[in-house]
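Step one of this worksheet: look at the structure below.
Nothing in this text is a laboratory measurement; each read-out follows from the coordinates by a stated rule. Just so you know, these numbers come straight off a predicted model, no measurement behind them. Positions of Cβ are backbone-derived with ideal geometry, glycine not excepted, and every protein chain shown enters the neighbour counts.
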Amino acid sequence: MTEIVLAHQVDLKTWRKAARHYALAGVPPETLSWRVAQSVAEAQQVFQSGPAEQKDPNAVLHLPRRLVEWILLGLQAPHPERFDALYRLVFRVVRDHLDLTTALEDPDVRAVVEFAEAVKAETERFRLEFARIFADPAQTVWSATPTAYLVEGNAAYCMARYARPWEIRTHYRSMKWDGKALWFGAGSTEPMAEPQGGWQQAGQGMWQDWPRTVLVPDAVEVETTASLDALGAEAMDCRSCTLWRPASRTVFGEGSAAARVMLVGEQPGDQEDQAGRPFVGPAGQVLERALEEAGLSRSSVYVTNAVKHFRFTWRNGRRLHQKPEQESVQACQMWLDAERRLIQPALIVMMGVTAAQSLLHRPVTISRERSRIFPLGEGSQGLVTVHPSYLLRLPSEADKQREYARFVEDLGRVKTFIDSLA
Ligand code: URA
């Protein structure tokens with residue numbers, strides 16, 4: 001019997017290296033046993049030495065995509081036998097050419113699919129709870145009790161959902177984001193104590209490879225999601241256009257599901273992309289001031305964008321805003337539709353051309369259509385106005401003041417309309 005020791009519960013690097021080596025060498029699953037290191041010292045040692053090297057370093061193991069997905073989720077299942085079950089399936093696919101599309105009743109396949117599905121369901125719960133807990137800005141540490149080894153796999157989600165620092169403690173792992181870097185430590189249920197052995201930075205030592213859980217939402221899921229929190233959680237893994245790759249994170253809408261007014265902008269800017277919140281940069285400051293002057297508070301409205309990722313180009317070391325392409329506006333339409341369905345605002349304020357076109361589905365000239373309240377369908381009225389960043393770009397101070405006053409007037413119309421409903 002050959003024993004393979006993994007450095008930690010989701011040590012993808014060692015598991016993958018060992019599985020590849022033994023599967024290509026034709027080593028049967030019953031001759032291997034898998035376990036996790038029992039101490040930090042053993043883990044470090046395992047990680048440095050690693051499992052046996054492949055005889056032929058150029059040999060490649062081709063696995064079906066769905067098996068790779070099951071492995072990434074299955075490795076996080078709370079069962080010691082998962083390493084063996086996953087290897088057994090890899091071995092059978094490689095040696096017996098087991099066809100996964102027709103073998104769904106095969107006991108090995110069923111076991112692995114069950115692991116993967118349970119982890120997926122637990123991940124969805126964990127993400128929602130994370131979003132709920134840290135929605136309170138005063139909350140900095142969360143003692144979580146997940147039933148799967150899913151903390152590491154959700155690091156990217158957690159960093160995207162809240163850019164500000166947070167810390168998670170579970171029985172098997174501690175994880176913290178200090179706003180710049182990600183750190184892992186031993187499990188601890190004592191939120192205030194340092195984890196045993198201290199913190200290790202992600203990307204260093206044994207924290208180089210773990211399964212990253214990406215739950216790409218499809219249109220049907222988005223159309224049927226029952227709460228704004230769940231919708232925001234799903235949006236973090238959106239891949240519907242190419243903007244997710246260069247952007248830091250999805251910047252989802254913000255505000256109460258009970259808001260009567262929904263304000264729609266174009267796309268997050270540089271500061272929004274970093275903070276993970278819409279309208280927090282210069283345009284957001286103009287908007288907030290204008291809302292207040294019109295008698296509306298930001299907390300009483302829902303604020304979102306037609307496109308949820310920042311599109312930019314690098315110039316002289318700075319990220320400069322670029323107008324989103326039609327492809328992204330269209331791809332993001334499902335999120336805006338879903339926000340609308342869940343909020344059912346009485347009035348939707350379209351700030352700028354991108355927002356107006358995304359809601360009206362036709363070319364729009366702001367100067368021709370602004371300041372009127374008109375039926376928008378689905379029980380909402382609409383109002384078109386300028387985008388606050390247009391006010392920032394005006395060259396003369398006199399123009400700025402005049403246009404700002406018109407913007408405040410438009411928001412005043414919103415206030416009068418909402419008051420008339422009461
Ligand atoms: N401009 C927008 O349209 N949205 C933001 O969130 C910030 C700037």
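Tabulated values for the structure
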read-out	value
Within a Gaussian network of the chain (alpha carbon springs, distance under 10 Å), most fluctuating of Gly377, Gly187, Gly255	Gly377
Those GluC sites (Glu not before Pro) in segment 367-422 that DSSP places in a loop and that have at most 12 other beta carbons within 10 Å	Glu378
Potential lengthening between Met192 and Asp419 on full extension [0.36 nm per residue; Cα-Cα distance subtracted]	77.0 nm
Within straight-line cross-link reach of Lys120, lysines at Cα separation under 26 Å, skipping those fewer than 8 residues along the same chain	Lys13, Lys17, Lys176, Lys308
Counting DSSP beta bridges with both ends in the chain, the antiparallel % (nearest 5)	50
Packing-based ranking, highest mean first, of 16-26, 189-199 given that Cβ atoms within 10 Å are counted	16-26, 189-199
Rounded to 10°, Cα long-axis angle of helix 326-343 versus longest principal axis of the chain	80
Magnitude of the charge dipole, the chain, Cβ model with Lys/Arg +1 and Asp/Glu -1, debye to 20	1180
Highest to lowest packing among 84-94, 322-332, 117-127, scored as the average C-beta count within 10 Å	84-94, 117-127, 322-332
Extension gain from Arg402 to Phe374, taking 0.36 nm per residue of separation minus the Cα-Cα distance	7.6 nm
Sorted peptide list for 68-80, 161-173, criterion being average Cβ within 10 angstrom, highest first	68-80, 161-173
Length added when fully stretched, Ala59-Arg95, from 0.36 nm per residue minus Cα-Cα	11.5 nm
Inter-centroid distance (Cα atoms) of segment 112-145 relative to segment 1-49, Å	28
Where labels lie 7 Å past Cα in the beta-carbon direction, separation of Leu392 and Val214 in nm	3.1
For segment 338-383 versus segment 263-334, the gap between their alpha-carbon centres in whole angstrom	16
Cβ charges +1 (Lys, Arg) and -1 (Asp, Glu), total dipole of segment 219-421, debye	520
Inter-probe distance in nm under a simple model that places probes 7 Å from Cα toward Cβ, at Gln271 and Gln139	2.6
In nm, spacing of pseudo-spin labels at Ser300 and Trp314 (7 Å Cα→C-beta vector)	4.5
Positive-end residue of Ala290, Cys332, Ala233, charge dipole of segment 219-421 with Cβ unit charges	Ala290
Segment 286-422: relative contact order in percent, alpha carbon pairs under 8 Å with at least 6 residues between	25
0 to 90° range, to nearest 10: angle between helix 65-74 axis and the chain longest Cα axis	80
Over the chain: helical MRE at 222 nm, DSSP H runs n ≥ 4 each giving -39500 (n - 2.57), nearest 500	-13000 deg cm²/dmol
